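Have a look at the structure below, then the notes.
The values are calculated or read from the model by the stated rules, or taken from the named source; none is laboratory data. In this text the structure is predicted, and so the values were computed from the model without any measurement. Quick reminder, even Gly has a Cβ in these numbers, built from the backbone with ideal geometry, and neighbours come from all protein chains shown.
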Amino acid sequence: MTAHWGVPDPAAVEGTEAEKHLAFADTFRMLNNRISIFVSLPMNKLDKLALQKSLDEIGRNLPQAG
């Protein structure tokens with residue numbers, strides 16, 4: 001089972017060191033939030049279809065860094 005949780009590439013950010021640091025911090029925060037939601041899913045109570053739906057929703061419902 002796979003899910004794509006796209007995030008902006010922080011290495012592609014141009015600007016000051018502070019702006020670059022913020023881009024990496026934002027990406028880390030987004031991935032950390034998604035992983036936290038994932039590990040809290042009741043895996044033993046979800047069938048394969050429900051689990052896939054949950055994985056897809058994790059990637060869609062969290063705000064992207066801008």
Where residues in region 5-38 are out of contact with any helix residue (DSSP H, G or I) (no Cβ under 6 Å at 6 or more places or on another chain) and not in a helix (DSSP H, G or I), which of them is surrounded by the fewest Cβ atoms within 10 Å (Cβ to Cβ)? E14
L41 being surrounded by 10 or more Cβ atoms within 10 Å (Cβ to Cβ), of a type outside the set (K, R) and not in a loop (DSSP other than H, G, I, E, B): no
For region 44-58, how many residues are in contact with a helix residue (DSSP H, G or I) (Cβ under 7 Å, 6 or more places away or on another chain) and either loosely packed, with under 12 Cβ neighbours inside 10 Å or within 22 Å of P10 (Cα to Cα) (or both)? 1
Within region 2-10, is there a residue that is modelled with pLDDT of 85 or more and hydroxyl-bearing (S, T, Y)? no
